[in-house]
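Taken together, the values in this text are just the output of simple stated rules run on the coordinates, not laboratory data. This is a predicted model, so every value here is computed, not measured. Positions of Cβ are generated from backbone atoms using ideal geometry, with glycine treated the same way; all protein chains shown enter the neighbour counts.
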Amino acid sequence: MTDYTEYIKIFVGIVAILNPLGAIPIIVSLTAGASESELKKIQETVTISVLTVLLVSLFIGKYLLIFFGISIDSFRVGGGILILLMSITMLNAKVGDTKHTKEEAEESQSKQSVAVVPISIPLLAGPGAISTVILYSQKKSSVEHYLLMSFDMLAVVVILWIVLKSIPWISRHISQTGINIFTRIMGLILAALAVEFIANGIKGLFPILVV
């Protein structure tokens with residue numbers, strides 16, 4: 001029998017690591033001066049790009065690990081450390097360099113469209129999100145598991161689309177303090193997920209430690 005609470009946990013984890021609400025100030029600054037039609041096109045492009053990255057990570061991530069000869073337990077530890085570092089940054093209500101660097105922000109100013117880079121990648125669907133999806137995809141190998149995870153990806157992107165469409169309203173009604181509080185809550189959830197990934201990876205690498 002499928003434990004659907006596990007997929008709710010996966011959904012929450014991916015929403016937390018994308019943290020679309022916390023990214024709003026950066027998205028607003030990157031799209032400043034854009035017309036209404038341009039903003040609509042950016043929203044559509046971001047939604048499609050993030051969904052594509054998540055689905056590619058879900059279905060192809062395992063084969064990339066095999067290609068590079070990386071064991072899933074090693075990836076659990078490495079990915080967990082990366083997510084833990086991101087969560088610590090989020091607990092300080094900041095966007096870390098693993099998601100969006102100063103150089104990427106400066107480079108984006110000269111581009112006509114910033115929808116794919118840096119908004120979709122790496123601001124939203126960055127290394128942390130990719131690692132999280134790959135790690136969760138390895139829990140089971142059944143068709144049902146991949147279908148339910150695909151449904152999670154779609155649900156996450158729907159949330160993202162709603163946030164992007166609501167940016168003008170959110171900017172007027174939610175203060176930076178409110179966004180910071182949400183970011184810290186998401187950071188705390190990520191920290192717990194990261195510890196779980198690291199612990200499971202260490203168990204797999206050093207089974208002698210398991211009593």
Computed E for residue 37/residue 176 - FRET, C-beta separation, R0 22 angstrom, nearest 0.05
0.20
Could you work out how far helix 4-18 tilts from the main Cα principal axis of the chain, as a 0 to 90 degree angle to the nearest 10?
50
Quick one: dipole size for the chain, taken about the Cα centre, charges +1 on Lys/Arg Cβ and -1 on Asp/Glu Cβ, in debye to the nearest 20.
200
The answer for the per residue Cα convex hull volume of the chain, in Å³, is 132
I'd like the orientation of helix 36-67 relative to the chain: the angle between its Cα long axis and the longest Cα principal axis, in ° from 0 to 90, rounded to 10.
20
Determine the gain in length on full extension of the stretch residue 44-residue 144; use 0.36 nm per residue of separation and subtract their C-alpha separation, reporting nm with one decimal.
33.2 nm
MRE, 222 nm, helices only [DSSP H, n ≥ 4, -39500 (n - 2.57), over the chain, to nearest 500]:
-24000 deg cm²/dmol
The longest stretch of the chain containing none of the trypsin sites (Lys or Arg not before Pro) that sit in a DSSP loop with at most 15 other Cβ atoms within 10 Å is 1-93
Efficiency of FRET between residue 208 and residue 64 - r from beta-carbon atoms, R0 25 angstrom, step 0.05
0.30
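Arrange 3, 73, 152 by Cβ neighbour counts within 10 Å, fewest through most, would you?
In increasing order of surrounding Cβ atoms, one gets 3, 73, 152.
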How far, in degrees from 0 to 90, does helix 127-137 lean away from the longest principal axis of the Cα atoms of the chain, to the nearest 10?
40
Taking R0 as 35 Å, what FRET efficiency do you get between residue 169 and residue 5 from their Cβ-Cβ distance, rounded to the nearest 0.05?
0.65
Binned at 5 Å starting from 0, the alpha-carbon pair-distance distribution of the range 112-207 in whole percents comes out as 2, 10, 12, 20, 21, 15, 9, 6, 3, 1, 0
